[in-house]
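What follows is a set of notes on a single structure, which appears directly below.
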Amino acid sequence: MNDQADKQDAETETLITGIADRARNLYLTRQMLCTEAVMTALNQGLKGGLTDAQATAMSAPFCIALGESGCLCGALSGAVLATGLLLGKDGADRHRKDMRDSARRLHDQFKLTHGATCCRVLSKKVKQDKKVHFEHCARLTAQAAEMAARLVLEKRPELANQADHAFINRRQSLVGGMLSRLVHLFSN
């Protein structure tokens, strides 16, 4: 029985890492911004039920720190949005308190890990170097997706059984990602 539990734990960790890596890849290939990448990786990866267009429409206003206001980190916003979607998908009214508690846990863990939740504060030291800033935000995107995936799978472990591994494990190059974005833009 212990071997079975260890195997399941290893599979869950692989899934969580895959979701984080997929969010990072969506960001690095410039297909999506921070909030969108986290939301999409979790929504599609754990079958949250939103279409790509719905997930993007819902998360786009939160990108670049609440519409470029510099306030709340977009990666954290995406993590909170996706967590609410996945924890509340079978009846949000029954899970409101749990969703609020989960949002607080994400906030507190993110702040403990990074020292802040405000984009201006998080990016202050890297703002002048675009490449370093971009890599910094890619790391935050992956870490927020990981935190959210871990929390969701802790509370709803059955979601691991329906994970879309093909989506989660897909990685694109920068050129491939930009082509995907162009195709997506012109197909809508």
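Quick note: the coordinates plus some simple rules give every number you see, no bench work behind them. What you are looking at is a predicted structure, and each value in this text was computed from that prediction instead of being measured. Using ideal geometry, Cβ is built from the backbone for each residue, glycine included, and neighbour counts are taken over all protein chains shown.
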Whichever aspartates and glutamates have a C-alpha closer than 19 Å to that of residue 97, once near sequence neighbours (fewer than 8 apart) are set aside
108, 154
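Can you give the extra length, in nm with one decimal, that the chain gains between residue 2 and residue 125 once fully stretched, where that is 0.36 nm per residue apart less the Cα-Cα distance?
Numbers: separation 123, 0.36 × 123 = 44.28 nm, distance 4.60 nm.
Extending this stretch completely gives an extra 39.7 nm.
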May I ask you to sort 69, 102 by Cβ crowding, counting other Cβ atoms within 10 Å and putting the fewest first?
69, 102
Roughly how compact is the range 20-172, stated as its Cα Rg over 2.2 N^0.38 Å to two decimals?
0.97
If one builds a Gaussian network model of the chain from Cα atoms under 10 Å apart, the most fluctuating residue listed among 43, 25, 169 is 169
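When a footprinting reagent is the concern and you count Cβ atoms within 10 Å, what order do 126, 183, 152 take, fewest first?
Working: 126 15, 183 10, 152 25.
Least to most surrounded, the residues fall as 183, 126, 152.
By counting other Cβ atoms within 10 Å of each Cβ, how are 11, 146, 158, 36 ranked from fewest to most? Walk me through the numbers before you get to the answer.
Numbers: 11 13, 146 21, 158 7, 36 26.
Sorted ascending by nearby Cβ count, the order is 158, 11, 146, 36.
May I ask you to derive the relative contact order of the chain, considering only C-alpha pairs under 8 Å and at least 6 residues apart, and to give it as an integer percent?
Working: 253 pairs, mean separation 63.7, N = 188.
So the answer I get is 34 percent.
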I want to verify a result. In a Gaussian network model of the chain, Cα cutoff 10 Å, which of these has the top mean-square fluctuation: 109, 172, 128?
128
Rounded to whole Å and sorted largest first, list the principal axis extents of the Cα atoms in the range 79-135.
46, 19, 14
